[in-house]
Amino acid sequence: MGSDATASVPAVSAVGVRKGFSNSRMPETEVLHGIDLTVARGEMVSIVGPSGSGKSTLLACLAGLEPASTGTVTLAGHDLGRLSPSRLTRLRRDRVGFVFQSYNLIPALTAGENVLLPARLRGQKVTTDDARRALAAVGLEGKETALPATLSGGQQQRVAVARALFAAPDVVFADEPTGALDGKSGTTVLGLLRAATDTGSAVVLVTHDLDAAALADRAVVLRDGVIHHELVRPTAGDLFDLVTAAA
Ligand SMILES: Nc1ncnc2c1ncn2[C@@H]1O[C@H](COP(=O)(O)OP(=O)(O)O)[C@@H](O)[C@H]1O
Ligand SMILES: [Mg+2]
């Protein structure tokens, strides 16, 4: 492991992050108004808050999918604002796993090929046996050659989780990963994300499901682009009180 993998370096941190969007019709509207957040290696942090409070925008900034307008995001020891686009792409590809509500599997590829795709893009030598093991780890034994369309939503999301966790990423970013799933499939997927912290990955979970959020070591409550509360070892009840107070 490199020196940036030491415990003293957070998996991801934001300092004074502001984010605005502009388009041809409107001047820049600021969505995040100065976010400070640090996620340690092996820590799971959930981000909750009302719809439109900036959860997805914050996740995108933390993950280097969107540049912060001002402030600093550091991922695995790298200041994202100082990386060239190609180095940023490489950092995301090599160190980060993503799970989205909509699975984002490639329909023409089998489950196994979907799992191996990022590793192949990294130039890693991987085999169908690696895919078989990764799928078995998420309870999908024997599904290597299945096309996504033949799988249930819960199974597709588990393929996406297997893909995200394949290379033991520094950080897994999950935006409403259970949003399209039934309760039982959702619980399975959350359990897999939670377990990823056991091998040192940090997990950042955006969710409006407060029971899901309560699985995290820490929860932050966003309101109108500001962190309003931070809760260590959150319970769903405490979060409910804070989120409804924030609504
Ligand atoms: N690409 C974008 N361009 C303009 N406005 C955006 C964009 N993405 C998000 N927003 C705005 O930012 C605010 C926060 O959105 P979002 O981060 O998606 O909230 P949440 O995930 O908490 O529901 C919303 O008002 C939304 O309309
Ligand atoms: Mg969102």
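Since every read-out is calculated from the coordinates, none of them should be taken as a lab result. Nothing here was measured: the structure is a model prediction, and the numbers come from that model. Ideal geometry is used to build each Cβ from the backbone, glycine not excepted, and the neighbour counts take in all protein chains shown.
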Only residues of region 30-62 count here: report those whose backbone N is under 19 Å from the spot 7 Å along Cα→Cβ of HIS228, or say none.
30-37, 46-59
Working out 0.36 nm times the residue gap between THR72 and HIS208, then minus their Cα-Cα distance, what length gain in nm do you get to one decimal?
46.3 nm
Run lengths n ≥ 4 of DSSP H only: what is the helix-derived mean residue ellipticity at 222 nm for the chain, with -39500 (n - 2.57) per run over all residues, to the nearest 500?
-10000 deg cm²/dmol
The chain: relative contact order in percent, alpha carbon pairs under 8 Å with at least 6 residues between:
26
Using 0.36 nm times the number of residues separating VAL15 and ARG120, minus their current alpha carbon distance, what extension gain do you get?
34.5 nm
At a 10 angstrom cut-off on C-beta neighbours, averaged per residue, how do the peptides 107-116, 40-49 rank from highest to lowest?
40-49, 107-116
Distance from a point 7 Å along Cα→Cβ of THR29 to each backbone N in region 45-60: keep the residues under 19 Å and list them by number.
49-60
